[in-house]
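The structure under discussion appears below in the form of structure tokens.
The values are calculated or read from the model by the stated rules, or taken from the named source; none is laboratory data. These numbers were taken from a predicted model, which means no experiment stands behind them. Please note: Cβ atoms are built from the backbone with ideal geometry, for glycine as well, and neighbour counts cover all protein chains shown. For accessibility, only protein heavy atoms count, side chains too; no ligands or nucleic acids. Shrake-Rupley method; radii C 1.70, N 1.55, O 1.52, S 1.80 Å.
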Amino acid sequence: MQHLVLACHITGVYDVNRNMTLADDSYELVREWAESVASVKLKGVIFHNNFSDETCATFQNEHISFERITYNPTFNPNVFRYFVYRDYLAKLTQVQGVFVTDVSDVTLAQNPFIHPLFTANPDSLFCGDEPKILHNEWMLAHAEHLRERISDYAAYEERFASEELLNCGVFGGAYPVFFDFLQQLCVLHSTYNHDNKTAYTGDMGAFNYLARKRFNEKLLHGAPVNTVFKAYENDRTDCWFRHK
């Protein structure tokens, strides 16, 4: 049985988070992630669409591997990655635990899979969070499309308005609960987010909706899962993941 940390690096498409199009073959964008995964001796997989064969051959090792994918522009890269993870994991049989993370602003500080909190909670979904509540100006704008498409979305927003905002840049768990969540997340996106023409991806909206509506009793978030989002706590070693 193995544990996996997965990330996706799609280039050639406008990046809404950075307001730019990423360079196709710049390993520097994923270097810190890859080196942090290798440093705790975990298996990390980087899914990509434009790294050269030379780059992959140079940087792959016993811990880090590369999987070439074909990007489907129906979905923003932030959303398309979930379909990539689902299809990859569906073919595996010996996976015990999984985390998926952003690749350019997340690093591992320690192995989450051996932490007592993880091993004692095999039915929990672990995820990142932010020091703000769900009801905030950015999330209200971000969820505009989903609010129009999902009949109970507005009711969910009202019910969980004062709850801490969850962040999909880091989430994982034991394989059964994680894969169940991932499959449901893909259904949400394929059903309600495939025709999103707004300036927002819908990834945070769909993630928070699903996590709060169907997995709320199973959620574990915040320390020690993640550092404080955008606090740039690069020296912290007491959490599993550093997220900006």
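Points worth noting:
- Selected residue (only one of 160, 126, 178, 171 is farther than 14 Å from residue 208 by Cα and touching a residue at least 12 places away in the same chain (Cβ under 8 Å)): 178
To keep it simple, each residue is scored yes or no on (1) without any contact (Cβ under 8 Å) to a residue 12 or more places away in the chain; (2) over 20 Å from residue 168 (Cα atoms); (3) open to solvent by 20 Å² or more (accessible area, probe 1.4 Å); (4) touching a helix residue (DSSP H, G or I) at 6+ places or on another chain (Cβ under 9 Å).
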position: 44; (1), (2), (3), (4): no, no, no, yes
position: 55; (1), (2), (3), (4): no, yes, no, no
position: 63; (1), (2), (3), (4): no, yes, yes, yes
position: 66; (1), (2), (3), (4): no, yes, yes, yes
position: 88; (1), (2), (3), (4): no, no, yes, no
position: 93; (1), (2), (3), (4): yes, yes, yes, no
position: 105; (1), (2), (3), (4): no, no, yes, yes
position: 112; (1), (2), (3), (4): no, no, no, yes
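- If you go through the range 75-127 and pick out every residue that is under 22 Å from residue 201 (Cβ atoms), out of contact with any Pro (no Cβ under 8 Å at 6 or more places or on another chain) and aromatic (Phe, Trp, Tyr), you end up with 6.
- Set 11, 21, 101: member being open to solvent by 50 Å² or more (accessible area, probe 1.4 Å) and among the β-branched types (Val, Ile, Thr): 21
- Failed criterion for residue 168 (all others in (1) in contact with a helix residue (DSSP H, G or I) (Cβ under 9 Å, 6 or more places away or on another chain); (2) in a helix (DSSP H, G or I) hold): (2)
- Filtered residues of the range 197-220 (kept if part of a loop (DSSP other than H, G, I, E, B) and crowded, with 22+ Cβ neighbours inside 10 Å): 202
- Residue 228 hydrophobic (A, V, I, L, M, F, W, C), crowded, with 21+ Cβ neighbours inside 10 Å and not in a helix (DSSP H, G or I): no
- The range 231-244: number of residues that are among the polar types (S, T, N, Q) and either crowded, with 20+ Cβ neighbours inside 10 Å or over 18 Å from residue 111 (Cβ atoms) (or both): 1
- Enumeration of residues in the range 116-146 that are open to solvent by 20 Å² or more (accessible area, probe 1.4 Å) and hydroxyl-bearing (Ser, Thr, Tyr): 119
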